[in-house]
1. Just to verify a result, which residue in region 124-140, among those that are open to solvent by less than 60 Å² (accessible area, probe 1.4 Å) and farther than 29 Å from D105 by Cβ, is modelled with the highest pLDDT?
2. So, in region 54-101, exactly how many residues are open to solvent by 60 Å² or more (accessible area, probe 1.4 Å) and in contact with a helix residue (DSSP H, G or I) (Cβ under 8 Å, 6 or more places away or on another chain)?
3. Kindly establish whether P25 is modelled with pLDDT under 90, in contact with a Ser or Thr (Cβ under 6 Å, 6 or more places away or on another chain), of a type outside the set (S, T, Y) and under 19 Å from L113 (Cβ atoms).
4. Looking only at residues that are touching a Leu at 6+ places or on another chain (Cβ under 8 Å) and among the aliphatic types (A, V, I, L, M) in region 16-45, which one is surrounded by the most Cβ atoms within 10 Å (Cβ to Cβ)?
5. Which numbered condition in (1) touching a residue at least 12 places away in the same chain (Cβ under 8 Å); (2) farther than 22 Å from L11 by Cα; (3) open to solvent by less than 70 Å² (accessible area, probe 1.4 Å) is the only one that E121 fails?
6. Tell me, which helices (runs of 4 or more DSSP H) wholly within region 25-140 include 1 or more residues that are under 15 Å from the mean Cα position of the chain (by Cα)?
7. Taking the conditions exactly as written (among the hydrophobic types (A, V, I, L, M, F, W, C) and under 25 Å from Q117 (Cα atoms)), does A20 satisfy them or not?
8. With the structure loaded, tell me whether I51 is under 21 Å from S4 (Cβ atoms), surrounded by 11 or more Cβ atoms within 10 Å (Cβ to Cβ) and modelled with pLDDT under 90 or whether it fails that test.
Amino acid sequence: MDSSIEYLTDLEGTQVTFDAVAEPPFEFPAQTWMILEKLEEESNRLTIEDIVAELGPSDTAGKFLCRPAGEEDDNRRAFLRIYQQIPIAGTETKKAAIRGRQAVDTPPDHSELIAFQTFTELGCDVVPRLLGYQQRQQDH
């Protein structure tokens, strides 16, 4: 069930810090980027029936235009993709404890990251270069 509700709002001006990554085939230094503009967001709010059918979790994905933080005169730009789990449809206004029980322990593998990993391992140079990635679990 697609949704027009936006979850990733008011992030312009936010600094996003990535830890260093040393997991083959990737090796990235720690870095910080500044979000300049939200370009798009697509939400996939699932119902309880969808979750029971193991189609979930509900999530949203946003694409943002960024620049390196602390370097205002730097012309380098990059795209940042943020994936975030969202509440099951109809539970958005329920108590935090109810919504918290919906959280998954292990974030799903995203096909976009898997594709970048595969292209990198194969030495493909006709796709955009992955500059870094981070997976974090949201606190309660």
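The values are calculated or read from the model by the stated rules, or taken from the named source; none is laboratory data. Everything numeric in this text was worked out from a predicted model, so none of it was measured. With ideal geometry, Cβ positions are generated from the backbone for all residues, glycine too; neighbour counts draw on all protein chains shown. These accessible areas exclude ligands, DNA and RNA; they are computed on the full protein's heavy atoms, side chains included. Shrake-Rupley method; radii C 1.70, N 1.55, O 1.52, S 1.80 Å.
1. Checked region 124-140; the qualifying residue modelled with the highest pLDDT is C124.
2. Counting residues in region 54-101 that are open to solvent by 60 Å² or more (accessible area, probe 1.4 Å) and in contact with a helix residue (DSSP H, G or I) (Cβ under 8 Å, 6 or more places away or on another chain) gives 1.
3. yes
4. I35
5. The one condition E121 does not meet is (3).
6. Helices (runs of 4 or more DSSP H) meeting the threshold: 111-121.
7. Criteria met by A20.
8. When the stated conditions are applied, I51 passes them.
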